[in-house]
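Here is the structure we will look at, set down as structure tokens.
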Amino acid sequence: MSLWGGRFSEPSAAEFKKFNDSLAFDYQLAAYELQASQAWAQALAQAKLLSDAEARQLSEALTELQQAIAANPELPLQSDEEDIHSWVEAQLIEKIGATAKRLHTGRSRNDLVATDLRLLCKALGHQLIDANLAAIQALMQFAERYQAAPLPGYTHLQRAQPIMAGHWALAYVQMLQRDVSRLKESLQRLDVCPLGSGALAGTTAPIDRQALAQNLGFRDACENSLDGVSDRDFALDLLHCASTGMLHLSRLAEDVVFYCSGESGCFAMSDRISSGSSLMPQKKNPDLFELLRGKTGRVLGHQQALQITLKGLPLAYNKDLQEDKEGLFDALHTYLQCLQMLSFAMPELSVNTTHAAQQATLGYSNATELADYLVGKGMPFRDAHHVTGAVVLYAQQQKQPLESLTLAEFTEFSEVIDDDVYQVLELDYGMHQRAALGGTAPAAVKLALKHANDWLHAA
Ligand code: ARG
């Protein structure tokens, strides 16, 4: 029996029912629907709208269903009910008959679905925080291992200055730390309960909504019923978290794909996380990281889809809101899976340290050091920049790195250059100079690792 057949003289057309039903995806709310229903039955009993015996009967039947769902989350998919709300009610009627029909007193599917969805978002939000923490730990282990391994650093994808591979990994630790704080903030805002908002105007049941909210583990009850049933900001917040988090994973993935390429060769992946080509026998492809990058598009798309669905929706509930679920579920599960894959992949990634250090010396990436050296000899920086540019052009024409030029060649460009220039041009020199907070010097990287460790322990 459908939840709303009374005023109709004809059943739904099969074509419409198929289009309208949401059980195929909202079955994922089952555990939360049952949890909300347990709390609602208690609230009704306290308001004397259910006898204690009826409340007990309902609670026992709901507990049985909770066990059935825990054993088989896909159980509702075997039925032809319209949605998860109809499914639970039908199951209850089958178990306890007439009493089951009293549970919907004073509530609506509108406040119920909003409550279920918030409960699901809370649970997934906490899982996402944990998955981020695990990924941060994996990145930190990489940073620890390669804290003093030089790597070419790029701007505009042109060799710029050498960096430590550990410094590279710790940049992503910073991003993921912000992702954790964004998730925590969103969960804080999400933590209000719409149950008791009724269909749109509030409930007639004389219940204590704050006690109900607390019973469900929410910080508070929402304060406006119209907003309670129609607000999906919490879903947008989480989609934003997922989008920004995926952007970070995507950028990391792109760096890894590049550093693993034949052109760079600074990183290597284990065979365990690489795939081959069906045609080209020599290939070893970074599919795992390409998928992290690729799946980002779909998460960003889901965020935009919900924004567009909500734009221009009048108050209060509209069936458009049913479209909030599939994209949200997919985005959050995709984000979770990608974080888990990153944690799994980081230990399988290594730096080809000798090759990477050698690569880090190429491309005149010690030119800034020469300019700074000239400044140290009293030359204004703008002049030093110009002189160094001329030296680089000359060295390029000679097909030599800066450190291979003779002192006589150097002094053609500036009298102030002396024998001590060669030590400045060594790979380690420039990196060790960048020892201020946030720099790539080994001491600064060590401090950054300590900060990240302290943060992780406090998280
Ligand atoms: N399946 C619906 C959804 O996901 C549940 C709420 C239905 N409410 C209604 N008034 N038709 O939004």
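What the table shows:
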{"quantity": "Cα-Cα separations in segment 11-105 greater than 19 Å, expressed as whole percent", "calculated": "42 percent"}
{"quantity": "Of K17/K319; K295/K319; K18/K319; K48/K101; K184/K446, those spanning more than 18 Å from alpha-carbon to alpha-carbon", "calculated": "K295/K319; K184/K446"}
{"quantity": "Two-decimal Rg to Rh for segment 352-459 - Kirkwood Rh, Cα set", "calculated": "1.09"}
{"quantity": "Cα extents of segment 190-295 along the three principal axes, largest first (Å)", "calculated": "72, 24, 22"}
{"quantity": "Given 10 as the ceiling on other Cβ atoms within 10 Å, longest exposed-site-free region of the chain for trypsin sites (Lys or Arg not before Pro) in DSSP loops", "calculated": "49-310"}
{"quantity": "Estimated Rh, the chain: Kirkwood, alpha-carbon pairs, angstrom", "calculated": "26.3 Å"}
{"quantity": "Those GluC sites (Glu not before Pro) in segment 374-442 that DSSP places in a loop and that have at most 11 other beta carbons within 10 Å", "calculated": "E415"}
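The numbers here are math on the coordinates, done by the rules we state, and not lab data. The shown structure was predicted, so the numbers you read here are calculated from the model rather than taken from an experiment. Cβ: placed from backbone, ideal geometry, glycine included. Neighbour counts: every protein chain shown.
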